[in-house]
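Written out below as structure tokens is the structure these notes cover.
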Amino acid sequence: MSPTSSSSPLKSSPLELPINIIPLPVGIQRAERIPFHWNATTKIHSLGNETLPIEKYLSESLAQRTGITAGKASSGSNTIVLQVTPSFIIDGPDWAIAEAYQLICTPQQITIVARTPHGLFNGVQTLIQLVTSSNDQWVVPSLTIDDHPRFQWRGLMLDCCRHFSTVPEVCRLIDLMAFYKLNTFHWHLTEDQGWRIEVKAYPRLTEVGAWRSESPVMGEAKVGDGQPYGGFYTQDDLRTVVAYAATRHVTVIPEIEMPGHCTACIASYPELGNDDIPEWRVPETGTKWGVIARTLSPKEETFDFIAKVFDEILPIFPSPYVHIGGDEAPKEEWKNSPFAQKVMKENGLQDEHELQSYFIRRVEKLLHERGKKLIGWDEIQEGGLSPSATMMVWRDWKWAKQALELGNNIIVTHNEHTYFDYGQGEKPEGPEYEMIGNERTLDKVYHFDPIPEGTPPGRIHQVLGCQGQLWCEFIWSPDKLDYMIWPRACALAEVAWSPLKSKDFTGFQQRLVPHLDRFDALKVNYRKADGSPAKPYASMTRRFMRPPLT
Ligand code: ACM
């Protein structure tokens, strides 16, 4: 983009340069009216080796946007100074200190100081958003920003099972997340309709479970399209994504679902199913959407399988947390399986919900033995919540309140506010716009508070944060994915980062305008206010994946 090409209505004289940062920082103090100029003489001075990758990121981002490449400096004027120092401190918990930064801009120099590279990276994102065009020059308004996050968990979940996203597509999403200081990518990797990770000890998971014979037709969910569909990530692919995310200070949390949503796994290894039920048949990888009444059997063989999968997959992910799903596990099979009933009797379990809790606790032990912590959807509370589990609340606030009273940590993923697979108001006609009903508008996302009403002050620290979810039944292409996520994820980022008292939807909408310009420049297909897609050439129809090689 050239300095004059911005269509932002907020473009103004240098005396009143706009500040359009999303998420809104905690404190902004404007200073003198002369701005800093980003031009061919600007240099970047970075103090310490750990700041070098961030210097490179800043330099490349601004060069791409402005066409101007900064030089290197050891000091002097017209310089941007990046510094990580242990003497930088704010009042707050360790996680907030680690992500905090201060940015001071004067006409001569910009300095960004933080305690950690992550804090510095956050400050750099703010700086990139501050660079604006005025009178054919690139400038940064003189000001001081003191900033830190409200919540430590600011997440986005992507389901790569119902429809697949390639490694470059996943990395692109992580890059866009980082721009809005979203720091956690929750990667939903196994499902009824597709197992998406290579496990060398269990090759059939990707020979069989990664493929389905067909999918529902777009716009007609009950009809099959007859087209084989699938794909999976090799372990090298997973490493590529994790390494890329690290450069963006984003943590990747893998989700390996159990004991429900496991049809693809059971299709691959039928002995893991409840195969002692009379008339039980080996399933095929799911071809319809919705909950499928299949569960893993609570056999020792199943726990051995899970342990071996963990042994291969968990070392790839440095994150302390692993998500094990736990949602929507139908209990019919366990009711009808003599073996499952025997496990219940031997362990004094009153019903199948307690059997689910038994199952989850056994899996949690496997995670603890491998130095990891368990996260599950809020169904893990039914039948008894493990005291050390972290719960994602997606159904009802009552689960959040109960978990907080029990002393558990929660992440709020409430479907009424954070489910980006749901509709978001007006939309064009056509099967490619199929989505789940009900409106999760930008406004509804923005006006949500992750702290459940009535939470006592002493329990607020148990709310780790919030997260947007993109379930991908109706996400047939990258353009549809973008359309559902943006700009709602910008609103979510502000909920997760900015102080509650600064919430202002009108102000947010005004600040959003130049961000939409940036999406246009980057060819990100966001939803426009009238419901139409931003990219006139947007293709939201299904992209077919290569069928398995035989
Ligand atoms: C969920 O939406 N089933 C967690």
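Treating r as the C-beta distance of residue 16 and residue 395 and R0 as 51 Å, the FRET efficiency rounds to 0.65.
Of all lysines in the structure, the ones whose alpha carbon falls short of 25 Å from that of residue 373, not counting any fewer than 8 places away in one chain, are 181, 200, 299, 308, 365, 398, 401.
With the charge dipole of the chain set up from +1 on Lys and Arg Cβ and -1 on Asp and Glu Cβ about the Cα centre, the Cα lying farthest toward the positive end among the listed residues 137, 59, 246 is that of 137. Most simply put, the chain has about 35% antiparallel DSSP beta bridges, counting only bridges with both residues inside it. With Cα atoms defining each centre, region 372-406 and region 201-244 are spaced 29 Å apart in the structure.
So which trypsin sites (Lys or Arg not before Pro) in region 119-187 end up in coil per DSSP with only 14 or fewer other C-beta atoms within 10 Å?
Loop-located and lightly packed - none at all.
About its Cα centre, the dipole of the chain is roughly 1500 debye, where the only charges are +1 on Lys and Arg Cβ and -1 on Asp and Glu Cβ. Once the chain from residue 31 to residue 303 is taken as fully extended at 0.36 nm per residue, the excess over their C-alpha distance is 91.8 nm. For residue 535, the aspartates and glutamates whose Cα falls under 14 Å of its own Cα, not counting residues fewer than eight places away in the same chain, are 479, 482, 517, 520. Our helix-only sum for the chain, with -39,500 (n - 2.57) per DSSP H run of n ≥ 4 divided by its residues, gives a mean residue ellipticity at 222 nm of -9000 deg cm²/dmol. Among beta bridges from DSSP that stay inside region 123-209, the antiparallel ones total about 50%. For the peptides 199-205, 407-413, 23-29, residues were scored by their other Cβ atoms within 10 Å and the scores averaged per peptide; the highest-first order is 407-413, 23-29, 199-205. The mean of 1/r over all pairs of different alpha-carbon atoms in the chain, once inverted, gives a Kirkwood hydrodynamic radius of 24.7 Å. By the beta-carbon count within 10 Å of each Cβ, the least crowded to most crowded order of 186, 368, fewest first, is 368, 186. As an exercise, use a Förster radius of 22 Å and the Cβ-Cβ distance of residue 223 and residue 436 to find the FRET efficiency, rounded to the nearest 0.05. Calculated value: 0.80. Between residue 194 and 264, 286, the built amide H atoms are under 5 Å apart, and every one of these is 5 or more places off in sequence or on another chain. Roughly speaking, what is the centre-to-centre gap between region 38-90 and region 443-478 when only Cα atoms are used, to the nearest Å? If we compute the Cα centre of each part, the gap is 34 Å.
Projected label points at residue 68 and residue 341, each 7 Å from Cα along the beta carbon direction, are separated by 7.7 nanometres. Starting from region 369-458, pick out the GluC sites (Glu not before Pro) whose DSSP state is loop and whose Cβ has at most 10 other Cβ atoms within 10 Å. Of the GluC sites (Glu not before Pro), the ones in loops of region 369-458 whose Cβ has at most 10 other Cβ atoms within 10 Å are 429, 453. On the basis of the beta-carbon distance and an R0 of 22 Å, residue 247 and residue 169 show a calculated FRET efficiency of 0.85.
Cβ crowding within 10 Å, taken as a proxy for footprinting-reagent exposure, orders 74, 477, 357 from fewest neighbours to most as 74, 477, 357. Which residues in region 491-530 have a backbone N closer than 16 Å to a point placed 7 Å from the Cα of residue 460 along the Cα-to-Cβ line? It comes to 495-503, nothing else. Fully extending the segment from residue 528 to residue 234 would add 102.2 nm, taking 0.36 nm per residue of separation and subtracting the current Cα-Cα distance. Sorted fewest first by neighbouring Cβ atoms within 10 angstrom, 352, 494, 312 come out as 312, 352, 494.
Read the figures in this text as sums done on the coordinates, not as results from a lab. A quick note: this is a predicted structure, and the numbers were derived from the prediction, not measured. Ideal geometry is used to build each Cβ from the backbone, glycine not excepted, and the neighbour counts take in all protein chains shown.
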